[in-house]
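**Student:** Below is the structure I would like to discuss, written out as structure tokens.
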């Protein structure tokens, strides 16, 4: 394989993995923009999603697409309930309270999954597992194409939803100024819970698609750290930045794994995170915010 073919193969792999990071980052930024809560339990929703998909596909024998739909609906409902009955109780408290609460929720969900399903890693097959096509010497996995297609569909759907629906506009209004939105008749608490449900759907899709590439394992929550690096690179609080940052982190990891010394791939995302914080804290698409003290 020539150097050009190697580079093209790495680019394709990086975009596919970066699309997963982008979905996770998108869910995190949606919640942060709506409620100013940095949800450290988001990665554990991926764990719940992956183990649920394994149970539905490998144990219950359901088709992949039906399992995906059921997992998305279930995790969306779980996220809605988490906000409605837990997160909402700390409204008005310092951000540190939200951080500690979501960390506690993360450990709780991970512990429940471990008790129910066991800590062992496992896998499940999809209709696309092991299938690939070769174009100009580049192996294109069908699962990679599915990941890219679903990520693109989710991104376009969200764009149209927030631009052209009353509920989407209400969510944007509530994220900008909750008091003004409330005074204009928007039920802010319910809208925030719906935002959590949308973020849960992103986590569910990411978890179900990521598990066949890696494993159904409790360590899937580590993807959250990659997503945070993507958010910082793209611009924390920027929805387009979450997508761009996720794709770039995926590409950087793939290139680092081949062109840099051994072990670089594992730390590439965190090196990017540190570099962004030092050089350009607002990220590529973020906006600077000043506070008078």
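**Student:** How far, in degrees from 0 to 90, does helix 42-54 lean away from the longest principal axis of the Cα atoms of the chain, to the nearest 10?
**Tutor:** Between the helix axis and the principal axis of the chain, the angle is about 50 degrees.
**Student:** Next up: How far is helix 64-85 tilted off the main Cα axis of the chain, in degrees rounded to 10, range 0 to 90?
**Tutor:** Relative to the chain, helix 64-85 is tipped by roughly 30 degrees.
**Student:** So, one more: Give me the percent relative contact order of the chain, please, defined on Cα pairs under 8 angstrom at least 6 residues apart.
**Tutor:** 35 percent
**Student:** Based on the Kirkwood radius over alpha-carbon pairs, what is the Stokes-Einstein translational diffusion coefficient of region 85-202 at 4 °C with 1.567 mPa s viscosity, in µm²/s?
**Tutor:** Using the Kirkwood radius from Cα pairs, D works out to 71 µm²/s.
**Student:** Sorting check: for 249-260, 124-135, 219-230, which peptide has the highest mean count of neighbouring beta carbons within 10 Å, and how do the rest follow?
**Tutor:** Descending packing order for the listed peptides: 219-230, 249-260, 124-135.
**Student:** Now, a different point. Would you kindly work out the equivalent ellipsoid of the chain from its C-alpha gyration tensor and give its semi-axes, the square roots of five times the eigenvalues, largest first in whole Å?
**Tutor:** 31, 24, 18
**Student:** Restricting the calculation to Cα positions, tell me the Rg (one decimal) and the Dmax (whole number) of region 126-283 in Å.
**Tutor:** Cα radius of gyration and Dmax of region 126-283 are 18.5, 60 Å respectively.
**Student:** What is the Å³ per residue value for the convex hull set by the Cα atoms of region 207-264?
**Tutor:** Output value, Cα hull per residue: 98 Å³.
**Student:** How far apart, in nm, are the 7 Å Cα→Cβ label points at residue 153 and residue 187?
**Tutor:** 3.0 nm
**Student:** Using the 2.2 N^0.38 Å rule of thumb for compact globular proteins, work out how region 1-92 stacks up: its C-alpha Rg over that value, please.
**Tutor:** 1.43
**Student:** Under 37 °C and 0.692 mPa s, how fast does region 76-133 diffuse according to Stokes-Einstein, given a Kirkwood radius computed over C-alpha pairs? Answer in µm²/s, whole number.
**Tutor:** My calculation gives 227 µm²/s for D.
**Student:** Can I ask one more? Okay, helix-only estimate at 222 nm for the chain: each DSSP H run of n ≥ 4 adds -39500 (n - 2.57), divide by all residues, round to 500 deg cm²/dmol; what do you get?
**Tutor:** The helix contribution divided over the chain gives -23500 deg cm²/dmol.
**Student:** Using 0.36 nm per residue of separation minus the Cα-Cα distance, give me the extension gain between residue 167 and residue 77 in nm, one decimal.
**Tutor:** 30.6 nm
**Student:** To the nearest 10 degrees, how steeply does helix 223-234 sit against the main Cα axis of the chain, on a 0 to 90 scale?
**Tutor:** Tilt of helix 223-234: around 70 degrees.
**Student:** May I pose another question? For the pair residue 112/residue 8, report the inter-label distance in nm, with labels modelled 7 Å from Cα in the Cβ direction.
**Tutor:** Between residue 112 and residue 8, the label points sit 4.8 nm apart.
**Student:** Using the Kirkwood radius over Cα pairs, work out the Stokes-Einstein diffusion coefficient for region 138-184 at 4 °C and 1.567 mPa s, in µm²/s as a whole number.
**Tutor:** It comes out at roughly 102 µm²/s.
**Student:** As an exercise, find the ratio Rg/Rh for region 171-250 from alpha-carbon atoms, using the Kirkwood inverse-distance average for Rh.
**Tutor:** Radius of gyration relative to Kirkwood radius: 1.08.
Bear in mind that the values in this text are calculations on the coordinates, not laboratory data. None of the values given here were measured: they were computed from a predicted structure. Positions of Cβ are generated from backbone atoms using ideal geometry, with glycine treated the same way; all protein chains shown enter the neighbour counts.
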